[in-house]
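Report on the following structure.
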Amino acid sequence: MKNFNVEKLNSSEEIVLNNLFMTVQAKLVEEVGQSAFKSWLGLLRLYELKNDVLYLSLPSSFLSDWVIPHYGNKVDTICKKIFVGIKKTKIIVNNKINNKANNFQDFVSLTSKNNLKNNPSPLDPRFNFSNFVVGKSNEFAFAAAKKVAETNKVFFNPLFLFGGVGLGKTHLMHSVAWDIQSRNPDRKVVYLSAEKFMYEFVKSLRHKDIMSFKDKFRSVDVLMIDDIQFIAGKDSTQEEFFHTFNSLVDQKKQIIISGDRSPSDLDGVGERLRSRLSFGIVGELYKTDYELRLNILELKAKESPNIKIDREIIELLAKKITSNVRELEGAFRRLCAHVELVNRPLNMDIAKQILHDIFKANNRIVTVEDIQKKVSEYFNIRQSDMLSTRRSRVIARPRQVAMFLSKACTTKSLPEIGKLFGGRDHTTVIHAVKKIESLCKTDMSFAEHINVLKKTFF
Ligand code: ADP
Ligand code: MG
């Protein structure tokens with residue numbers, strides 16, 4: 001490996017090195033747990049590589065006096081695996097403030113500023129394959145994502161990952177990005193949310209700079225667009241995306257897309273794009289089962305080895321919190337915080353108390369009628385108006401809100417929802433959902449009302 005000093009890097013070297021160092025950090029977290037990492041190793045920085053010795057720095061001798069005997073070997077072993085070709089690693093003290101970003105937080109923003117020069121959405125260093133727990137509900141999606149990361153050939157295009165919120169779509173996509181970058185830093189991987197894609201597109205239109213927008217996206221090796229449903233209904237963005245898509249497919253470049261529903265169910269996406277999207281492999285992330293939830297919690301527990309939570313409490317969480325992994329993690333973190341911060345042992349009763357709201361939300365089956373009732377009360381209209389044909393805004397808007405919430409909080413299909421609102425057509429429901437979504441985006445106080453209402457059902 002070439003010698004370097006972090007003070008004298010150009011930006012592309014910086015990205016590659018930080019990228020490698022990120023992997024080291026992620027591995028360290030994996031091995032020593034979050035809390036030990038934060039206390040001791042989080043301030044470890046890349047310093048330089050000279051004559052095949054990699055120098056890492058810590059800001060004080062207090063830290064290094066502890067880290068070297070306790071973690072020195074571990075750091076060395078991991079660095080040797082990742083900075084291939086180095087002979088050994090040395091930890092030195094450097095108390096000069098180093099402006100070059102190479103810690104977790106900085107790295108994320110660095111990635112978003114410089115990496116791939118595309119200003120993509122940042123990649124979360126915690127999302128990698130090694131901490132993605134595989135179970136029946138996600139094994140296919142996982143295998144497909146792995147396959148894409150491991151080879152330079154394009155076997156299927158695009159890879160379309162879909163599933164409800166909090167089931168691991170973004171986690172998988174980031175994993176692919178990290179994995180590709182660590183295998184082959186020269187491959188240009190661009191990850192961004194569909195929202196960001198649209199933002200970039202609109203910006204380039206405004207600056208009359210559409211050519212460089214096109215070039216930027218069409219010169220990548222792997223393009224990942226997260227939450228594609230966001231560009232549904234945005235015709236010009238969709239059109240541009242479609243062209244980018246086609247041109248990348250023609251060049252045999254890999255595309256990975258995620259969405260909250262399958263390509264064929266993407267309302268507001270043109271037929272051509274929709275069929276293009278279903279062309280490759282569609283990997284669904286299904287709802288988790290008990291076993292997977294338990295395994296995820298076990299992994300989380302391993303990441304914080306100093307925090308002890310009884311097995312029966314873990315099992316309770318896995319049993320009760322069925323909605324999604326994000327919520328499961330949130331519940332677990334809450335318990336950890338309790339153990340760390342409150343000087344009271346955690347038992348079953350206290351755990352139930354702490355997670356009271358989450359358990360309750362996971363217990364309830366909300367019906368469209370519940371929603372109509374609550375929303376009518378909230379907006380002070382008659383419940384029967386939910387079903388009536390009245391179209392004045394004071395009635396129509398709450399009705400749209402109720403439709404939106406019915407879609408978000410129940411498992412009813414659009415036609416079923418339409419029927420329950422006085423026999424309306426499913427397109428009316430789609431329209432309502434879109435309307436509310438767009439109002440939420442443009443009107444903060446409206447979004448707040450929706451949030452309040454949502455909380456009563458979730
Ligand atoms: P989505 O993008 O589908 O809404 P995310 O990928 O953001 O969901 O996942 C939500 C949270 O759950 C993240 O913190 C992620 O790490 C975690 N998660 C989801 N699935 C898994 C899994 N199979 N193993 C470990 N963590 C998971
Ligand atoms: Mg996501």
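Values quoted throughout were computed directly from the atomic coordinates according to the rules given, and no laboratory measurement underlies them. Only a predicted model underlies this, so the values are computations on that prediction, with no experimental measurement involved. When we count neighbours, we look across all protein chains shown, and the Cβ atoms used for this are built from the backbone with ideal geometry, even at glycine.
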Item to check | Extension gain from residue 383 to residue 151, taking 0.36 nm per residue of separation minus the Cα-Cα distance | outcome: 77.8 nm
Checklist entry - Which value, in debye to the nearest 20, gives the size of the charge dipole of region 155-216 about its Cα centre, when Lys and Arg are +1 and Asp and Glu are -1 at the Cβ? => result 160
Checklist outcome for this item: Yeah, region 259-370 with a ≥ b ≥ c from its alpha-carbon gyration tensor (a/c under 1.5 is rounded, else prolate when a/b outruns b/c, oblate otherwise) is prolate
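So if we plug the beta-carbon distance of residue 235 and residue 275 into 1/(1 + (r/R0)^6) with R0 = 25 Å, what FRET efficiency do we get, rounded to 0.05?
It comes to 0.90.
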Checklist entry - Using a basic spin-label model with each label point 7 Å from the Cα along Cα→Cβ, how many nm lie between residue 286 and residue 242? => result 3.4
Checklist entry - Taking the Cβ of residue 269 as the center, what net charge do the other residues with Cβ under 14 Å away carry, scoring Lys and Arg +1 and Asp and Glu -1? => result -2
Checklist entry - Assuming R0 = 22 Å, what is the FRET efficiency of residue 413 and residue 357, from their Cβ-Cβ distance, to the nearest 0.05? => result 0.20
Item to check | Computed magnitude of the charge dipole of the chain (debye, nearest 20; Cβ of K, R +1, Cβ of D, E -1) | outcome: 440
Next on the checklist: Highest mean first, how do 240-247, 260-267, 158-165 rank when packing is the count of other Cβ atoms within 10 Å averaged over residues?
Outcome noted: 158-165, 240-247, 260-267
Checklist entry - What base-10 log of the normalised intensity I(q)/I(0) is obtained for the chain from the Debye formula, alpha carbons as equal point scatterers, at q = 0.08, 0.12, 0.14 Å⁻¹? => result -0.57, -1.19, -1.41
Item to check | Per-pair calculated FRET efficiency, R0 = 35 Å: residue 126 and residue 310 via Cβ, rounded to 0.05 | outcome: 0.85
Checklist entry - Given H placed on each backbone N at 1.01 Å, which residues far from residue 266 in sequence or on other chains put an amide H within less than 5 Å of it? => result none
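Is the C-alpha gyration tensor of region 255-318 telling us rounded, prolate or oblate? Criteria: a/c under 1.5 is rounded; beyond that, a/b larger than b/c is prolate, otherwise oblate.
Cα axes put region 255-318 in the prolate bin.
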Item to check | Angle in degrees between helix 368-379 and the longest Cα principal axis of the chain, rounded to the nearest 10 | outcome: 90
Item to check | Cα gyration tensor shape of region 303-458, rounded if a/c is under 1.5, else prolate or oblate by comparing a/b with b/c | outcome: prolate
Item to check | Two-site label geometry, residue 456 and residue 134: point separation in nm, points 7 Å out along Cα→Cβ | outcome: 4.5
